[in-house]
Structure formats: C-alpha cells, structure tokens
1. For A:C438 and B:A159, what is the calculated FRET efficiency with R₀ set at 56 Å and r taken between the beta-carbons, to the nearest 0.05?
2. Taking amide H positions as placed 1.01 Å from N in the peptide plane, with prolines and chain starts having none, which residues 5 or more places from B:A352, or on another chain, fall under 5 Å of its amide H?
3. Calculate the mean, over all residues of peptide B:321-333, of how many other protein chain Cβ atoms lie within 10 angstrom of the residue's Cβ.
4. Show me the ranking of peptides B:430-441, B:580-591 by mean Cβ neighbours inside 10 Å, starting with the highest.
5. With θ set to phi - 60° and the Karplus curve 6.51 cos²θ - 1.76 cosθ + 1.60, what are the ³J(HN,Hα) couplings of the range B:97-106 in order, to the nearest whole Hz, using x for Gly and Pro?
6. Rounded to whole angstrom, how close does the nearest chain B beta-carbon get to the axis mapping B onto A, and which residue is it?
7. Which residue, chosen from A:P337, A:I320, A:L273, occupies the Cα position most advanced towards the positive end of the dipole of the range A:209-346, where the dipole is computed from +1 (Lys, Arg) and -1 (Asp, Glu) charges on Cβ about the Cα centre?
8. What distance in nm lies between label points placed 7 Å from Cα along the C-beta direction at A:T203 and B:T217?
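Read-outs throughout are calculated quantities, based only on the coordinates presented, and are distinct from any laboratory measurement. All values reported here derive from a predicted model rather than from experimental measurement. As a convention, Cβ positions derive from the backbone with ideal geometry for all residues, glycine included, and neighbour counts pool all protein chains shown.
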There are 2 protein chains.
Amino acid sequence: MTQGAVTQDAATAGQEVSQPARVELQFQPGGLRVRVPPGVTLFDAASWNGIAIDSTCGGHGTCKKCKIRVLDGSMPVSPPDARAFSPEELRAGWRLACRALADADVQVEVPPLVTRPKAATVGVGRQVILRPAAQKRYLELAEPSLADQQTDIERVLAALDDLDLRVDLAVLRYLGRRLRAADFKVTAVIVDDVLVDVQAGDTTGRLLGIAFDLGTTTVVATLLDLATGTPLAVASMLNKQQPFGADVITRISATMLDPRTLDTLSALARQTLGELAAQVCAQAGADPADVTEIAVAGNATMTHIALGIDPEPLGVAPFIMAARQLPELLADELDVPAHPRARAFVFPAFGAYVGGDITAGLLASGMNRDARIRLFIDIGTNCEIVLGNRDWLLATAAPAGPAFEGAAIRCGMRAADGAIEGIAIGPGDLKLTVIGDCEPAGLCGSGLVDAVAGLAGAGLLDRSGRLVPDEVAAGLQPALARRLTMLGQERVFVLHWLGEPGDAAASIYLSQRDIRELQFAKAAIATGWRVLLDEAELAESDIQQVLLAGSFGTYLSPASAIALGLVPKLPVLRVVSAGNVAGEGAKMALLSVRERAAALALLGEVKYVELSDRDGFNDAFVDQLQFPA
Amino acid sequence: MTQGAVTQDAATAGQEVSQPARVELQFQPGGLRVRVPPGVTLFDAASWNGIAIDSTCGGHGTCKKCKIRVLDGSMPVSPPDARAFSPEELRAGWRLACRALADADVQVEVPPLVTRPKAATVGVGRQVILRPAAQKRYLELAEPSLADQQTDIERVLAALDDLDLRVDLAVLRYLGRRLRAADFKVTAVIVDDVLVDVQAGDTTGRLLGIAFDLGTTTVVATLLDLATGTPLAVASMLNKQQPFGADVITRISATMLDPRTLDTLSALARQTLGELAAQVCAQAGADPADVTEIAVAGNATMTHIALGIDPEPLGVAPFIMAARQLPELLADELDVPAHPRARAFVFPAFGAYVGGDITAGLLASGMNRDARIRLFIDIGTNCEIVLGNRDWLLATAAPAGPAFEGAAIRCGMRAADGAIEGIAIGPGDLKLTVIGDCEPAGLCGSGLVDAVAGLAGAGLLDRSGRLVPDEVAAGLQPALARRLTMLGQERVFVLHWLGEPGDAAASIYLSQRDIRELQFAKAAIATGWRVLLDEAELAESDIQQVLLAGSFGTYLSPASAIALGLVPKLPVLRVVSAGNVAGEGAKMALLSVRERAAALALLGEVKYVELSDRDGFNDAFVDQLQFPA
C-alpha cells in the first residue's frame, strides 16, 4: 500500500474510503502545493510545510500579522478578519491565516516575512511553532459604574472576546476582591478554553509547564518555559512502583491479588510525578504556582494506574482499556505541585499495549507528517511497532519478553554503571564498551544484541542460534575459541574474565539460554513488523527509515540490529536512534495545541493490528527464530 | 410599547432591531400558525402551543414516535431521521419533530396522537413536558473479544450514540470492574452531556431531583421523581444565616467587617440545603444516591454566598455581580447529600437585585411565554418588578425597605402564629384575621397594608398619609374614633386592645411612623413599575394581569394593594397571587431541559433598568408618596 495506491482506492471505492478527504493548497510566491485535511488553518498548513507566516500572538487572532491574500478559490471572512481588514481589503481577498480554515482547494499569496514566529526545536528535529494551550493576557479594564453594571466576569471575558472561555468557580470566588485590589489591572491565565486564574498586575512573564515521560522503570520530568520553549530543568528517578514488579504485567497482577494495591500503586506513581515536579522547580528557582499545565506520556498501564483506573482488563485477554482518550484532568488529580487549577494533558493510547508513550513518540518523530515510509520500533519487554507515513499508519505490539531488560539473562543487568553496552568482535579478540568506563559487572540489552550479532558474524553461532562445536570454533576463530566453554551443563561464551582466565564461573558470559531468550525476542519483533509490511503490501526495501525509540533504542547498535534481523535489512544509515521520543512528544504537546491536536488525531488515523488473533502468527514466529544468513 | 408597536419597529428600524427574529410554523390539521425563535424544535413549538405530538423518550431521538410530515417549506434530514425513515419517507417529508429545528417558515402535518407525552403541571398552571437533564438508560452490551477490542468506555458510549457525552474520570476508575461484574448489563446515568455513573443492572426506576428555593429568610426543598414529575416530599426551614441579619445588605456587611464571615455564612447556607435534602429523602424513604440533579433558585446575594463567591461588590454602588450565569456545578459543591457526581443547576441572575429567584419566578409564571402584558412584582425588602410579555421584558429593583418584613413597624412581626394578616375596616368596627386563630401578637406585612388601606378608605387617613384630627374622625367614624389616640408624642390607631380598652400602651397599634414606612415602600414600588411603564410607553390600563410573587405576595389582599396604589389601578380580579414561583421555577428546571434553556435565554431577553441612575427618579418617588384619591 503506497500513497499512490491509497489515492487510487479513494478514487474508485466510493463509500468505503477510509482515508480522510484532503484539500489542496497552493502558496505563492513559490507555487508549493500541499494536500491537508479539511479544517486545518492556512497558518498551520504553511508552517508544517516550511513556509513561515508572520505572527507574534501564536495564532490567537490578536496580533493580526499573519496576513495572506486569496488568489484563487474562496475563503469565508472570520470575525477577526472583519476587525483586521477594511471592506476593500476583504474584497481583495485578505484574510488572517491563523483563522482561515482550509475547507476547499485554494491558492494564496504569503507576503514577505517581517517578524518570525517563535519556535523551538523539539523531538526528532521537529520545528514547533509555539502556541501553548496555556496563555496569559494582561488586561487594563474600565471600572464599573451605575451606567456600566456589567458583571465582573463579563468585564474580563469581554476583553478576551477572541476566545470562547469557560470559567472556573474558584476564580469567581475571589474575582471581585482581586479586580478591585488591583485597580482592574490584571492578568488572565487561560488553559485551553478555561479561565483558570485572574492575577493582580502583569504576570505574563511567568508561564511554565512540565513534561513527564512516565515510564514503567524510569520517570523523567522537564520544566519548560512555555513562552520561549526553553527547557529550564530536567530530573529523573526510578518509578516508585518498582518494588511491585519490573514490568506492567506484574504490576497489574499485584492489583488483581489485592484490590487495595491499586490505591498504593496509584499513590506511588503520583508521588514520583510530584517529587520530580518539585525537583525541577527547585532546580530552576521557579514557583510551582506558575506551572499552569503538565503533559504526561506513559503506556496504558502506567496511565491507568496513575489515574486510579482499574487496570485489570488490560492484563488479561482480550486486553481492554477503560478509555483511549481521557477526560479533562487537573495536575492536582496527579498530585503534581502546580497552580491549583493547572491542567493535565495525558496522551491517549491506541491499545492496551500501544500506549500514550507511543502516541507521543509518533508525534515527536514526525511519523504523522513525514512522506517517507518509516518503521518506528520501541524495544522493551513489550515492543511497540508502527509502520507508515503521513497518509497511513499501522501499529502493533509484540511481546518481546524480558531479554532486553537484562532480567532473564544470566549475567544481565540494567543499563547502569558497569554494564557492557557495546561489544565489537574482531578477528583477533573482542572489545567491550562499558557504561561508566569501569570494570564490567554485567551485560545490558544493547551489549546482548552486539554479542549475539558478533558471534553470528564470527561464525561462532549458527543460523538456528546454536553455539558451534569447539572444533569448528577453533578452526574459525582460534583467538576466541578458548572463550567458548561449558559452565555446568550449559555452553557459554565468556565476554570478560573476572578472575583467572579459564574460570568461567568467575566471568561475565553469554549462555546458550541467553541466546535463546534473545532469539524469542527477535522473533516476536521481526514477526511484528513483517505482519505490518504484509498488511501494507510492502517489502523491507520499501522502508526508507527505521527509528529505534526508547532508552534501549538509543544504545542499540544499528549494525547489530540489522545483523540479527531485529530490524529490516537496510543500509545501516537508514536505521537511527530516536532517543526519548515519549518525553519529547510530551514537550511538544505543552508547546503547541496544534501538535497536541495532531496527537489526538492519530487515534483515528492509526490502524491497530492485533498479533495474537492473527492466522499464521505462530508459523511466522517460528520462521523468525532463525538469524539472517 | 405594545406587541404591535414592536413589530412595526422591527420592520422599520433595520439594524437596530433588538427583538430576536422569528420564524412562522403552521400545524395541520387545524392550521394553527405560531411564531417562534429560530432553533426551537418543532416538538417544543407544538407542545408550547398546546399541540400534542407522540413521544415516549422525552425528545431524545430514540423512541421515533414524534413523526411529522413537512407539507410546505424545507427541513434538513437529521441523523436520527435517517435511522427512523426510509429514503421514500424522507423524500415524502417525514421527520422526527424532536430533532427538527425551526430555521425557516414551514408548514407541517401532525399525525393523530397514539400515546401521550408525560407531562406535569408546575408553576402558575404551566404544563411541562418531562425531559429532565438527568436520564437513565439500561444497556445490554456485547462482551469484548480479541476481534472486538473496543475500550470499555467506547463500548458504553456506542450504545448511547444519539448523545455526545463527556465522561467523568471517576466513572473510568471503576468501569472495567463494574461492567464485568454485571455481565455487561448496566444502567448509564447521564446528566446534561455528562456520563456521571454506570450502575450494575437495571436501575432506571430510580431517578430523583431536589428543587430548592433558597430564600434570605426561608429555604424550601422539594424532592421530585424526575420520571413522573411527582413531588415526593417537601420540607422548609429558616436559613441558618438568619443570626447574621434579616436582609441581604446586613449579611453582605457582615462579610465586609470580617473576611472569615464569608466562609461561615457560606457554610451555613450549605448546611441549610444539606439538612433539607436529608429531610426530604428521609420523608420519602429515598436513597440520596438516587438524586442525580438539584436546582437552586435564590437571589444573587444568597447564591453568591452559598457558592463562596465574595458578595461585597453586590452591596455597594455600582452593585456588581461576579457573574450572571454560573459554571457547571456539582451538588457536592453545595454540600447536598446526593449522588457523588450529581449536578447542580443554579438559576442565573439578571442583576445584583434581580436574582435567580426572579428568573425562576418568570419561568414559573410563564412571563416568557404569555402573549398578555403582565406585571410581575415580588414584594420584600428589595422588591423586584418585571413588566412585559413573551416578546419583551423590562426588569427593575426597588428598595422597598423593611416595612413588609415587620422589622421597622412598632408592633410588627413576621407572618407567624399570632400575626394579624388581614384587617377589614367596616362602618361600625373592624375585623381581624389572625394567623393560627389565636390572640393577636403583632402585625405582619399583609395586615399592615390592609390596615392602612382600610383607614384611608374610612377617611381616617388623608392622601398625604396623615391620620386625620380627632374631631374629623369622630364625625366620620364615631365607632372607630376612640381607637385614634396618642401614645407618647405619636398619634396611633389601635387595632387590638391587649389590656383595658383605652390603654394604648397595652395594645397592638399602627403608628403614624409605621404609616410613613409603608408610604416609602409603596412609593419605591410604584415608582418602579411606573418607570417600566414609561420605558415601554404603556399606561396602567394596558396591563392585563398583575402577579404578586413570593410568600408576602401570597397573603397580600389584592383590593388593599390596589387601594394603596402599590399595584396599578385595575379590576381586582386582574391582580393575582402567584405563590412561591421561585420554588416552582426550580422544579420546572429539573423536569425539563427546554424550560431550563428558556430560563437561560431570559438573560439575553430581559432589559434591566437601573432606578438609582435615572433622571427624575427622586421627583417621581416624591409624587408616589401620596395615596390614590
């Protein structure tokens, strides 16, 4: 299924078209044509395609700088247009791009740039134009009189008439006193469409947000200045739920054994978020009350538990979430110290095992914007795989098991100081890369992949995953052969002698069983992306880029991943580490409502493919147990 | 300003028309033509005008019984139409009346009635078709499977697809467990557009609401069965804020003297509501958890304080409210024992002194629906006056002072046991009507009005409000003359001798100063409605009905009110007591979202006239101090 094929389907299939309709926009000068979903503003469509349009208000319709002129096609006049332009200008086709919705094909002229919109680079090289859901407006209001008995809130809202706001009861409680104490000079604090505060004087300089990557293992918080997009502080810590199990299944099981455990786990997740928020504010010398919004990217289990939602149906077939998209939430409901009416945006999940962290990751890596066909793989105990481009996306989850976490590996450990994270097996000997540059203490996931790929490359491992007999090894790699030995009943390959060389019991080694664990993980993952390729009727060679996401993906050697068949067989430069894309996606959601809307739109655009329900899954899995030739 | 005049204005004034546009609907058979605001459904327009259309679902688009056929004009096809009718039927003009919006002139045919919509009589003879904001739907859902991994909430919402619902986080928390424990047979509880609960099994038989009349003096609660419109229990008690002052001004002053008093007064109001709610549920043997909505009608001060909103700006010129319309509220925010996510509808206020109790009163008395020009007067310390009909409404507030509450009257008392509530002064002697049929203890407001009217009628009081000299009295009314005497420095008229006849000190009397108090009150009220008549360019005789609202209005003798000039000089049958219209309005808001919407629409329809800011107000007031000839 290529983009061309989709277009053809759409043209011929009539009623059954599953792709959303598009409208074509052409920008002059330059003549760039782009196709976008109806309802997108011309301002966004331009900026997404690298055409800068003037703006200083972030597209709120107030700065009136984002002028464009309609050359061909028609575009309705919006209320801010009527204020910004004279009747002659309107007739000549002038409109504000931030309020002009692309509803039909249109050709527009973009005047040369005078100012440049504020933007920040986030995610995988994504340029994000700042338009946070949180905003502040300084207002100088007329005082009421017998001739002007407008209510206090109507007076404030009249000064914000480009917005259609709801008001929090808490604001009404103190509004009268505060307006009068501040001589009616106040700052309105708005998040989305809610007026959350009216502050005395001008406080527009302080507008903060916190982006959280709520991982099963590690939680990361980034404090952002929402007015500039600048990160002010970062902190991370282990998820306090850790003692209840290393992965999501053990944590769900804990809640099933004792119903009170849900409250405990929920409180622990919220404590983790709360302590991190306090830490980043303290680091930056910021007042938590200036944090008006937070964003949280986490997998479905972490998100459910943090919000106190019963996770049991996630853990047993048929793996059902309570909800994909969550209701409006306050930071307070997650025990995060912030403005008392700060909002919380929690990333929606596609499925029980393709969670909000993946939604955030897709956003950060631009999977929803890029024309290239790309494969996104987040490797872990549960491995999430997404294939597609801006026109279509397929997702699945593969149960990779604990191999990459180090837990099921004899000498396995987390990617911490002392972990062998890289192994190069040459003709003479092997070289280890150790985290923290110290004495090796164990093997982490990326080291495991390197070791197995290296052994296979050196001929010490056959395609079926068996370590070759001693005599074969001695013939092929005489310098390495002595590392291949028996430990008890099991064949092992020693990576590092801790004691006397030859004493395998005092060494860091890779066992035959470790290799089997990795084989199972590799088979699950490779079956996953192969199923998606089949579904899309594409071949491996059609994939233009592979993105390895998550902390594990950052360390994994692309060459080893290709060698093992963990990722498709592609030129090594096409396989790239994307880093902590979930956290980056959370930042983007804080910085731009447009990006956030794009993340929510993904829910309707991504097609989820359930592997466990699929005919031929087991056969495909068995085939993938083999390493590539 | 009559209705005809308004129509003419609209036709000639072009842009300056303040009346909303109307569309004309004609119903066949019968040919009744009605003019309604655009956007009203044909179902409502018909029922408002006495034409019954079949319906059993309360207009939710689900029963598909409210069929009508378009004979002339066009009517778009709504999504429920497409499900209810075949393409041929749609082409023949069949539509569901509950979803058909009156956007242009149209002629429709209404089939003969098969069933009758549920309705209740509330307010001043208002027939209200039941369509509460609170509703329950019993659902039998398919269980999820690997082939159907819809989330739990999407499964529930898919069965409610005629509604566009938001979901409360609290519901998501237990949804998974509850659905599975109940074998996916559940009852969805909805208030407005929020899914507030999913209950195991079929609980559709239990749907309750509580209507509150939150008065400055007395608070009344009525428990309603929302499925039938039946009142199940009523209870009332004094507002627990009473010790802080008899009227709103003293209570506002209390909060200004000590900021902590607002919290105290707010808690007292909420305690009053909470205790009454518990009482009515106990009386009816109902579970408070089945109360899914409450409605509160109160004046602006009571409403502000109950919600913890600073009332200070209400109490000092220029008399500013925090808000007219209030945000979405929970019953829990008013400490009312009910379903934990029960909603609270609080009536909006027009102005600081024309509050939500008046909005509710106008609704209950049909001021927004009746073609007749009517005058609505709620007499109290603050007197609210509204003039108009369904096409236009003018409102004002007149500071009548404490005369009617008995506080400023020498022998005054509240309308309780022992209060003289009625006085008939005949040629020979006078007759008293005493509350509780016991020994008189004092004079309440309605007795005061009767007494003054009777004395004026007997010639013992001149037009300027002065008691006539003894010799004049002896000539005119020999039998009554001995009741006219001196007490200290002041002339008094004795109503009832408590001790020896002749001992005025041991009597219940009316003093010259009491009469002056009433004169001031009467002048304020009469100036109020005269200003509204001037504003509307109408004469007293144009008024077709006077409605006396509030508990005081219930007891007031229409004849005495006319005699004193408290109300316009009209045939006595045109002056009627409307009773507790605020409480009735609260009931209507619970029973029908349409009536509630009409109450909210009043905010935009009523024009508020500020008396204190008006040229010539003082001259008019002085003129009105005189009693009618």
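1. Numbers: r = 60 Å, r/R0 = 1.07.
The calculated FRET efficiency here is 0.40.
2. Under 5 Å from the amide H of B:A352 lie the amide H atoms of B:M321, each far enough along the sequence or on another chain.
3. Shielding by partners across B:321-333 averages 5.
4. Working: B:430-441: 15.5, B:580-591: 29.9.
Ranking the peptides B:430-441, B:580-591 by packing returns B:580-591, B:430-441.
5. Values per residue, Gly and Pro as x: 4, 6, 10, 8, 8, 6, 10, 8, 4, 7 Hz.
6. B:E328, 6
7. Highest projection toward the positive end goes to A:I320.
8. 4.4
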